[in-house]
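The values are calculated or read from the model by the stated rules, or taken from the named source; none is laboratory data. Predicted model, so just to flag it, every value in this text is computed and none were measured. As a convention, Cβ positions derive from the backbone with ideal geometry for all residues, glycine included, and neighbour counts pool all protein chains shown. SASA here: full protein model, heavy atoms, side chains in, ligands and nucleic acids out. Shrake-Rupley method; radii C 1.70, N 1.55, O 1.52, S 1.80 Å.
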Amino acid sequence: MTQNKFAQKSIDPATQTMLSRAEQEGIETAWNRLESQDPQCGFGLLGLCCRNCNMGPCRIDPFGNGPERGVCGATADTIVSRNLLRAIAAGAAAHSDHGRDIVEALLHAAKGDAPDYEIKDKEKLLSLARELNVPSEERSEKEIAADIAYKALDEFGTRKGNLDFVGRVPAQRKNRWSEAGILPRGIDREIVEIMHRTHIGVDTDYVNLILQGLRAALSDGWGGSMWATELSDVLFGTPTPQRGESNLGVLKEDEVNIVVHGHEPTLSEMIVQAARDPQMIELARSKGAKGINICGMCCTGNELLMRHGVPVAGNFLQQELAIVTGAVEAMVVDVQCIMPSLTDVAGCYHTKIISTSPKAKFPGAQHVAFDEEKALEIAGEIVRSAVENYPHRNEAKVLIPSEKMEFVAGFSVEAIVSALGGSLDPLLDAIKGGSIKGIAAIVGCNNPKIKHDYGHVALAEELISRDILVVETGCAAIASAKAGLLLPEAAAKAGSGLRAVCEALQIPPVLHMGSCVDISRILVVAAAIAKALDVDISDLPLAGAAPEWMSEKAVSIGAYVIGSGVFTVLGTVPPVLGSSNVAALLTEGANDVIGATFAVEEDPIKAAELMENHINDKRAQLGLS
Ligand code: BF8
């Protein structure tokens, strides 16, 4: 009975074990807090509550038995669309600020202020220089990198015209954006414009508002996120296929466990280096540990596993449970998707929560300010602090679930092209010939409203069984890693066409392409295929899904994915149902403007059906059998 209770919450046995342990120890998790919020606010769920000025808060009665307008006169259409836009602004800001931090790290490295960073992918640096018209002849790598970094910084605030990476988009798509008035300009500008337009008494036309939401989201996908990916590759290396292990079973009973959690690779890359220092390993041995085990969590985990095969302990809903194992000496966090509850959970164990970003402090955490100029030194300080905490571990409280699963990750665009023998042509041929019907991107978070990992894993398994190649990022990809879908052997679960392609290339049927900012890699592949076929992205047999999404970043992602022309199925309902006009625009009307729409479907099997139907329609329109 108890086991059943936890099996309702997650399909992952390691998570079920730790949920049971958390309950025994009286530790509250996100699932408990969701229950305590029941019933959630009906106005909030429908998007009908407005707090944008102090005449409010106002709410619209969805049944027509109460107010139909806020105090200022705003209708349900205005309120719902304004709320959606503010979520897009927050999500685009989070991704793009992450992008800016990477740009600044590159600039520091180029100017010699950050001696611990070096340019790892020189080829990518030169290829970016060519694309961005940065001179490279007879210039040092650092000079080129500095020019690229300055160019990138321009994209955030001062740019006139449109973003540089719009050059990667097929002409047909760029024309659509121009005609709709949504060509993304400066990244910060689009976000600021959302905040302006959603202020009391500015934009009240829901169509005009949603168009600005799409433009801001596009500045994330083809701007902030894309810069984060490209320059992380330059600084830390472009991912290549790596083997690693996933799930809470990667924590080690006899080693110092450090979980790095958050998003930006600048610190975690240094922590990995610091933990390899023989003196640090010796210190760990002197404390009774056999070594130092660095594990990732969420997108920091994705950044590290993509480049180094570092084990990943879990995805979003497992962060509290990692501490409940009693075996984590330190959880080191930077920004985004870090639950404020971590310090409470850690208070029941010896675990140190170490925050590192001036942008994200947590009452009860130890703060060690990260500084790129002394990156390795600070990383060393953090690792030492974790090592010194090892003797405080209470063995009686340790419970590490046995589950762990091998994966192969690291499928950057460059790695995919290399696996295909040097060009995308074999993939195009497989799609044209029908052995692969199309490509589906599964991305996004966990959300306790959906059984943990079920939305991701069931959808991925269903799609590959229908001969649809799956590409993934973020917490979705970690779910697939834990389920064994990122192994070449998982091709056995694919339809015969996809299986043959995977076996010939020795690749998994589900390709892990990175962290959430790396959805930009998926955009690059989609644009390259569209250009090769001389069609718009919206003409391709592609579909997207975010089965368990919860964050505002996911709202921005969803908006730029449909803005880029890719039909997208959401597994949890966004708060837009309070306006039938906004809901109809997003699920139907958007097709006329950008050639793509959203659908909402919680059941992953039905979601797969929708995606396959869409892919088959696109195939038929392209004249493919
Ligand atoms: O950026 S998938 S829960 S970790 S928001 Fe967060 Fe969602 Fe995970 Fe990465 Ni993306």
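A few points about this structure:
- The set of residues in segment 509-566 that are within 15 Å of the ligand (Cβ to nearest atom), under 21 Å from residue 227 (Cβ atoms) and assigned to a loop (DSSP other than H, G, I, E, B) comprises 513, 514, 515, 551.
- Any hit, segment 465-482, residues being open to solvent by 10 Å² or more (accessible area, probe 1.4 Å), farther than 18 Å from residue 568 by Cα, within 16 Å of the ligand (Cβ to nearest atom) and not assigned by TED's automatic domain parsing to the domain that holds residue 33: yes
- Out of 99, 66, one residue alone is modelled with pLDDT under 95 and at negative phi. It is 66.
- Selection from segment 45-82 of residues that are under 29 Å from the mean Cα position of the chain (by Cα) and open to solvent by 40 Å² or more (accessible area, probe 1.4 Å): 45, 46, 49, 51
- Among residues of segment 488-505, those that are open to solvent by 20 Å² or more (accessible area, probe 1.4 Å) and either without any contact (Cβ under 8 Å) to a residue 24 or more places away in the chain or under 30 Å from residue 98 (Cα atoms) (or both), counted: 5
- Members of segment 508-528 that are within 24 Å of residue 297 (Cα to Cα) and of a type in the set (A, V, I, L, M): 510, 511, 513, 517, 519, 522
- Checked against the criterion of being in contact with an Asp or Glu (Cβ under 6 Å, 6 or more places away or on another chain), open to solvent by less than 20 Å² (accessible area, probe 1.4 Å) and either in a helix (DSSP H, G or I) or farther than 23 Å from residue 104 by Cβ (or both), the candidates 345, 328, 310, 383 yield just one match: 345.
- Being assigned by TED's automatic domain parsing to the domain that holds residue 205 and closer than 30 Å to residue 337 by Cα is a property that holds for residue 83.
- Against the numbered list (1) among the acidic types (Asp, Glu); (2) touching a Phe, Trp or Tyr at 6+ places or on another chain (Cβ under 9 Å); (3) within 16 Å of the ligand (Cβ to nearest atom), residue 101 comes up short only at (2).
- Checking each residue in segment 137-178 for being open to solvent by 20 Å² or more (accessible area, probe 1.4 Å), more than 22 Å from residue 524 (Cα to Cα) and not in a loop (DSSP other than H, G, I, E, B) picks out 141, 142, 143, 147, 150, 157.
- From the options 214, 209, 283, residue that is part of a helix (DSSP H, G or I), open to solvent by less than 10 Å² (accessible area, probe 1.4 Å) and not basic (Lys, Arg): 209
- Every pair of residues 6+ apart whose Cβ atoms lie under 7 Å, when the first sits in segment 526-555 and is more than 24 Å from residue 170 (Cα to Cα) while the second is more than 16 Å from the ligand (Cβ to nearest atom) and in a strand (DSSP E or B): none
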